[in-house]
Amino acid sequence: MDLTEKTINSKEIFNGRVLHLLHDEVELPDGGTAMREIVTHPGGVCIAAMDERDNLLFVRQFRYPYKEIVLELPAGKLEKGSTPLENGKRELLEETGAEGYSYISLGQLYPSPGYTNEIIHLYACRVKSMGESCPDEDEFLCVERIPLDKAVEMVLNNQLPDAKTQTAVLKTKLLLDSGKI
């Protein structure tokens, strides 16, 4: 059975700085129709950066939609004209002051495929050097180092609710244990 839905009509509801909201009418595989609301997003990147002692660099920052401070790996929105890896290196440097090396891809993450087309590119790297962070003017964060094994425990104990962080931490641990990092 072909599960593909075909767009019949698409109406832009909102066009913001980062997000766009569409209201689409689709034809279903059985010939019926349905409405779909889609949040379009340029995508993001997340970096699991480990120092020589296998500590990961984390940032704490207030996340307005949740009205709480969230502990997560350095991450950011993709900018046009740059590859996901270039964006990741920029975000790591801006948010933590770290420069990395030996980057490897941890794949892609679809954070919520029911309503958004956002794709987050995940990478792991080793920390080459640490300098001063220079976050965006509306970004306030604190950098922390957490041992990888402790970060895995935190994922399993629900202390790191961020999906991209959970995925990158667990993949990094598996690859490190298998000798691929």
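Read the figures in this text as sums done on the coordinates, not as results from a lab. A quick note: this is a predicted structure, and the numbers were derived from the prediction, not measured. Positions of Cβ are generated from backbone atoms using ideal geometry, with glycine treated the same way; all protein chains shown enter the neighbour counts.
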Placed amide H near residue 70: partners under 5 Å, 5+ positions off or other chain
61, 62, 63
Would you work out if segment 40-112 is rounded, prolate or oblate? Take a ≥ b ≥ c from the square roots of the eigenvalues of the alpha-carbon gyration tensor; rounded if a/c is under 1.5, else prolate when a/b is larger than b/c, oblate otherwise.
oblate
At a Cα cut-off below 24 Å, give the lysines reachable from residue 128, other chains included and same-chain residues fewer than 8 away excluded.
77, 89, 150, 164, 171, 173, 180
Sum up the charges of everything whose Cβ sits under 14 Å from the Cβ of residue 138, counting Lys and Arg as +1 and Asp and Glu as -1, but leave residue 138 out.
-2
Once amide H atoms are built 1.01 Å from N in the peptide plane, which residues 5 or more positions from residue 116, or in another chain, come under 5 Å H to H?
39
Expected 222 nm ellipticity per residue - DSSP helices of 4 or more, -39500 (n - 2.57), all of the chain, to 500:
-6500 deg cm²/dmol
Which residues in segment 1-29 place their backbone N less than 12 Å from a point set 7 Å from the Cα of residue 35 along the Cα-to-Cβ direction?
11, 23-26
Can you tally the net charge around residue 163? Count Lys and Arg as +1, Asp and Glu as -1, for every other residue whose Cβ sits under 12 Å from the Cβ of residue 163.
-2
What FRET efficiency, computed as 1/(1 + (r/R0)^6) with R0 = 30 Å and r the Cβ-Cβ distance, is obtained for residue 170 and residue 142, rounded to the nearest 0.05?
0.80
In a Gaussian network model of the chain with springs linking alpha carbons closer than 10 Å, the residue among 32, 43, 131 that fluctuates most is 32
Using the C-alpha atoms of segment 45-181, what convex hull volume per residue, in cubic angstrom, is computed?
116 Å³
Stretched out fully, how many nm does the piece from residue 129 to residue 150 gain, at 0.36 nm a residue minus the Cα gap?
5.3 nm
Could you name the aspartates and glutamates in cross-link range of residue 11, using Cα to Cα under 17 Å and dropping any fewer than eight places away on the same chain?
24, 25, 27, 37
Cβ-defined net charge surrounding residue 23, 15 Å radius [Lys, Arg +1; Asp, Glu -1]
-3
